[in-house]
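Read-outs throughout are calculated quantities, based only on the coordinates presented, and are distinct from any laboratory measurement. Quantities reported herein were computed from a predicted structural model and do not represent experimental measurements. Cβ sites come from the backbone with ideal geometry, for glycine too, and all protein chains shown count toward neighbours.
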Amino acid sequence: MKILILGAGVTGSSVAAALASEENDIVVIDFKQDLLDALKERFDIATVTGNAAHPTVLEQAGVYHTDMVIAVTDSDETNMLACMIINTLYSRPKTIARVRAIEYLKNPKLFGPNGIPVDIVISPEQIVMESIRNLIEFPGVLHISDFAGGLVRLFSVKVGAEGVLTGKKIKTLKERLSDGKTRVVAIFRQGKPVCVSGDATIETDDEVFLVAPRKEVRKVLKELNKLEAPLKRIIIAGGGHVGKRLALALEDNHQVKIIEKNPQRAHKIANDLRKTVVLLGDCSDESLLLGESVESADLFCAITDNDGVNIISASLAKSLGARKIICLLNHTSYTKLLPGTGIDVTVLPNQETLGSILKHVRRGDVVQVSSLCGGAAEAIEAIAHDNDNDDSVVGRRVDTINFPEGIVMGALIRNNEVISIHHDTVFKEGDHVVMFAMDKKLVSNIEKFFQPLSQI
């Protein structure tokens with residue numbers, strides 16, 4: 001696939017990194033030559049220097065022959081204008097645009113049939129906010145994401161030294177897991193995948209991924225002693241787009257405070273929020289945190305736009321007694337600094353956003369993608385089709401599908417109902433199947449088995 005990426009910032013770079021490794025033809029446009037040079041050193045891609053919304057620059061990048069344009073510059077206006085120009089002047093490849101400002105997104109007609117011609121609008125801040133809100137709903141997990149319209153959830157837990165999972169083989173857990181609908185789909189040990197089979201043994205400090213029906217998640221966490229007390233008193237460090245969205249989502253059912261350093265921003269969000277207390281100050285100021293009783297906070301959520309500030313304020317809040325810490329990091333490499341800080345969970349915005357883009361890039365009838373483990377692994381929801389191809393899964397038993405090692409079946413949804421998966425389960429037309437690929441290089445195998453007739 002020929003893909004044109006507009007913007008070589010943090011998001012554009014992460015998208016380029018994910019797609020360049022999959023034999024796509026990638027071209028990146030940015031006006032910052034140093035960013036483009038850094039990308040070219042790392043990946044086999046082409047670059048064009050210039051304004052991503054200028055027709056001459058788009059033509060230089062080969063827009064006429066492009067299959068997809070992903071507009072992720074730092075400017076909402078540039079992203080929207082580029083998509084409008086592409087629709088007007090060219091054969092209109094599929095367009096994806098990042099739009100961050102709530103003022104644009106709260107007007108659905110803006111991107112309707114008679115509005116700005118963008119095929120898919122993504123809002124990283126909304127995606128990240130929903131990810132954090134899920135972590136607050138289930139404070140015992142490290143990651144949680146929805147599939148099949150919310151019918152099933154993928155979540156991961158850290159295995160403690162005296163935990164229920166410690167030293168157990170997967171096949172011995174079946175009695176604890178709900179009638180075949182809850183499954184262990186991946187184990188990561190020191191950041192590396194462990195082959196999932198009935199004889200695989202779970203060890204201390206492993207991160208274990210499970211898939212379960214939405215209504216069973218709380219029950220499963222309780223059985224695994226991972227259902228922690230609710231988080232009610234919450235301090236949010238950073239009143240940017242994510243912080244404001246999170247406060248809006250939480251303030252009716254939680255006691256929320258936001259610490260914001262910028263006076264103008266603090267004043268603005270104070271007017272927009274009804275029940276949230278907005279504090280003007282530095283979230284890494286110890287006296288401020290003590291004055292706001294950080295030691296009695298159930299959660300300190302460091303989500304400013306500065307990774308260094310997030311790490312410092314989060315580790316300080318933990319040392320002062322905050323019960324749980326969530327820290328947002330834009331640069332994955334900073335996760336190496338976290339051991340010993342007491343930070344419980346990290347949220348990587350680019351990884352969260354990547355899944356919403358990849359589901360439109362993947363071949364096959366792919367509905368949902370969640371990028372995991374720093375982008376090394378993926379969970380994918382795909383629809384089964386009888387496509388007159390030998391690779392179709394329709395009409396075949398699970399144990400006859402020749403998936404390579406490293407692809408694990410997570411859930412089967414038929415007619416909006418979660419079905420137990422067994423070795424003799426037969427796939428039917430229209431089944432939604434959630435699978436875990438422990439290495440993204442395995443994704444092409446999933447794409448092959450779930451192609452609709454129109455893609456063959």
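Structural remarks
- Total formal charge among the other residues, if their Cβ is under 13 angstrom from that of residue 44, Lys/Arg +1 and Asp/Glu -1: -2
- Between the beta carbons of residue 31 and residue 280, assuming R0 = 45 Å, the FRET efficiency works out to 0.85 to the nearest 0.05.
- Over the chain: helical MRE at 222 nm, DSSP H runs n ≥ 4 each giving -39500 (n - 2.57), nearest 500: -8000 deg cm²/dmol
- Within the chain, percent of DSSP bridges classed antiparallel, to nearest 5: 50 percent
- Its Cα centre serving as origin, the chain has a Cβ charge dipole (Lys and Arg +1, Asp and Glu -1) of approximately 1060 debye.
- Backbone phi angles across segment 375-384, fed through the Karplus curve with coefficients 6.51, -1.76 and 1.60 (θ = phi - 60°), yield HN-Hα couplings of x, 6, 10, 9, 9, 10, 10, 10, 9, 7 Hz in residue order; Gly and Pro are listed as x.
- Net charge of Cβ neighbours under 13 Å - reference residue 268; Lys, Arg +1; Asp, Glu -1: -1
- Neighbours of residue 57, meaning other residues whose beta-carbon lies under 15 angstrom from its beta-carbon, give a summed charge of -1 when Lys and Arg score +1 and Asp and Glu score -1.
- Annotation note: GluC sites (Glu not before Pro) in segment 349-442 located in DSSP loop regions with a Cβ neighbour count of at most 16 within 10 Å are 405, 429.
- From phi via Karplus (6.51, -1.76, 1.60), per-residue ³J(HN,Hα) for segment 334-340 in Hz, x at Gly/Pro: 5, 4, 5, 8, 7, x, x
- Cα gyration tensor category, rounded, prolate or oblate, for segment 1-150 with a/c compared to 1.5: oblate
- Hz values of 3J(HN,Hα) by residue in segment 262-269 - Karplus curve (6.51, -1.76, 1.60), Gly and Pro given as x: 7, x, 5, 5, 4, 5, 5, 6
- Computed over the chain: relative contact order in percent, which uses C-alpha pairs under 8 Å that are six or more apart: 11 percent
- Global form of segment 272-355, assessed from the alpha-carbon gyration tensor, a/c cut-off 1.5: oblate
- Length released on extending from residue 161 to residue 293, taking residue separation times 0.36 nm less the Cα-Cα span: 44.4 nm
- Calculated log₁₀ intensity ratio I(q)/I(0) where the Debye formula runs over C-alpha points of the chain, q = 0.06, 0.08, 0.10, 0.12 Å⁻¹: -0.28, -0.50, -0.79, -1.13
- DSSP loop trypsin sites (Lys or Arg not before Pro) with at most 10 other Cβ within 10 Å: longest gap in the chain: 275-456
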